[in-house]
Structure formats: structure tokens, C-alpha cells
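Report on one structure; see the data block that follows.
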Amino acid sequence: MASTTHTPLDAGFRRHDELFERPDRETLADGAVLLRGFAASETPRLVIDLQGVAAGSPFRHMIVPGGHTMSVAMTNAGALGWVTDRSGYRYDPLDPEIGRPWPAMPESFRTLAARAAEAAGFPGFAPDGCLINRYTPGARLTLHQDRNERDFTQPIVSVSLGLPAKFLWGGATRKDKVKRIPLASGDVAVWGGPARLTFHGVDKLAEGSDPLTGRCRFNLTFRKAG
Ligand code: MD6
Ligand code: FE
């Protein structure tokens, strides 16, 4: 007959499970989770579809309101694209470079974003925009909040493709201590709820070459912007 008595050994294992999370799911904060390798099997399809998007709306280095040119090149897919110029940040239904709507969001993007959000506890995520970032060695993204979206109840889903990066994960204010979290190709971060306005960024990309993307890291961030 099975015993429910906890021996010291059982207690030891249970304690281990509580202290060390599964390596494929790391909680960054309340509302923010890193799903390691969640998109790993889909990275070739995602990169092909991303190149299709960039064929319609090419990557470009946008200008921030202060006048500096970003080291990260960007484009967008879906109904609303995130843009910055001297006048500020906004979501725009048109690609200002070509005066036409952004390319449609690929089905592979949409379904991955919804699956990842659901796995993170945000069912029914229906993104209307995907910002695509392209980093080459030396490029970085300074600490910022994503707050141009209308509805902060909806999470952001972020997919890493290609070269690894160090994600900078801060707190609710710019002064909070910043953690450095390694991100690999196929990793997916989801954050929302109490973590939705966390300050974050990407450290200067190290030199390297990836079999899928070459000397490049791509990041897809899915948003419900409108
Ligand atoms: C990047 N990501 O990983 C930049 N923003 O290249 C972001 O700025 C970001 O990963 C909001 C939510 C998730 C992110
Ligand atoms: Fe961001």
C-alpha cells in the first residue's frame, strides 16, 4: 500500500522543485515569463516570413525625438506599426517610408504569439501589430517602457531569432536595479499584468554568426496597440 508519509528524502525533492523552476520556464517578475525554446522548431519559418515582410516594408533606422538615429533597424507587420521620428513615438497604419499599409501579419507570427500568450496565462491574445527589430553586432536598445499601446491589460509577446543577446530587465522606475538575462534563438518572453510597464532594453550585441540569420539578431514584439 502506498504511503503518503514524507520521508526526509521526499521532502528534499519537494524542496528542490520549489526552489528551482523548470529550466524552460523562468518567471522574471509577477506577470512576466521567459519561455525558453518555445519557438525553437519554428525559427526557419519565422525568418522566411520576416524576410517576406521586409520585402514589402524594408528595415530602416528610425530617428528618436531627440534627433539620434537608432542603431537597431526596424519594420512592422500588421494593421498598426510602431514608428518614431522627430515629432515622437506613435502607432501608424501606414509605413511612412512608402505611404502604404504595413505588410499583413504572417499567419505563423499570429498563431505563435497567441500560443505563447496562452502558455503564459494570457488567453485570447489578438495582436494588431508586430514590431520587427534587427540588430547587428554593436547595436543596442536603451532602457525604455512600452507604453504607446492603448490597452495595458494586453501583454507583449517577444520572440528572439538568430544571434544571442543580453536582455536588460529593470523595474517600474528607471532607477531600479537592472538584471541581465541571456536570450537565445527561439526564446519567447511574455509580459503583462503588473509587469507590463517594466523598464527593459537590450545590451550591445556581441559579434557572432548564426546558422539561420548570419551576423544578425531579429526580435519580434507583438502588441495589441489599438
Ligand atoms: C528586443 N524588445 O528584445 C527588444 N519590449 O530586441 C523589447 O523592447 C521588448 O522584448 C516589450 C516587450 C518585450 C520586448
Ligand atoms: Fe520594448
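The values are calculated or read from the model by the stated rules, or taken from the named source; none is laboratory data. Nothing here was measured: the structure is a model prediction, and the numbers come from that model. For neighbour counting, all protein chains shown are included, and Cβ atoms are generated from backbone atoms with ideal geometry for every residue, glycine included.
Things to note:
- Screening the stretch 118-176 for strands (runs of 3 or more DSSP E) wholly inside it with 2 or more residues that are closer than 13 Å to Phe222 by Cα returns the ranges 129-135, 156-162.
- Note on the stretch 167-226: among residues that are hydroxyl-bearing (Ser, Thr, Tyr) and either near ligand 1 (Cβ under 10 Å from one of its atoms) or crowded, with 16+ Cβ neighbours inside 10 Å (or both), the one that is nearest to Met70 (Cα to Cα) is Thr221.
- Filter result for Phe109 (more than 16 Å from ligand 2 (Cβ to nearest atom), touching a strand residue (DSSP E or B) at 6+ places or on another chain (Cβ under 9 Å), in contact (Cβ under 8 Å) with a residue 24 or more places away in the chain and over 15 Å from Ala29 (Cβ atoms)): yes
- Residues within the stretch 78-107 that are in contact with a Pro (Cβ under 9 Å, 6 or more places away or on another chain) and over 16 Å from Arg147 (Cα atoms), tallied: 13
- Thr142 meets all of the listed conditions (1) modelled with pLDDT of 95 or more; (2) more than 14 Å from the chain's Cα centre (by Cα); (3) within 12 Å of ligand 1 (Cβ to nearest atom); (4) surrounded by 18 or more Cβ atoms within 10 Å (Cβ to Cβ) but one, namely (4).
- All of (1) buried (at least 21 other Cβ atoms within 10 Å of the Cβ); (2) under 24 Å from Thr69 (Cα atoms); (3) within 12 Å of the chain's Cα centre (by Cα) hold for Ala117 with one exception: (2).
- Meets criteria (at pLDDT below 95, among the aromatic types (Phe, Trp, Tyr) and within 15 Å of ligand 2 (Cβ to nearest atom)) for Phe152: yes
- Residue list for the stretch 122-144, filter: out of contact with any Cys (no Cβ under 8 Å at 6 or more places or on another chain), touching a residue at least 24 places away in the same chain (Cβ under 8 Å) and either hydrophobic (A, V, I, L, M, F, W, C) or more than 15 Å from ligand 2 (Cβ to nearest atom) (or both): Phe122, Phe125, Ala126, Asp128, Cys130, Leu131, Ile132, Pro137, Gly138, Ala139, Leu141, Leu143
- Picking from residues in the stretch 156-170 that are over 18 Å from Ser185 (Cβ atoms) and touching a residue at least 60 places away in the same chain (Cβ under 8 Å), the one that is farthest from ligand 2 (Cβ to nearest atom) is Trp169.
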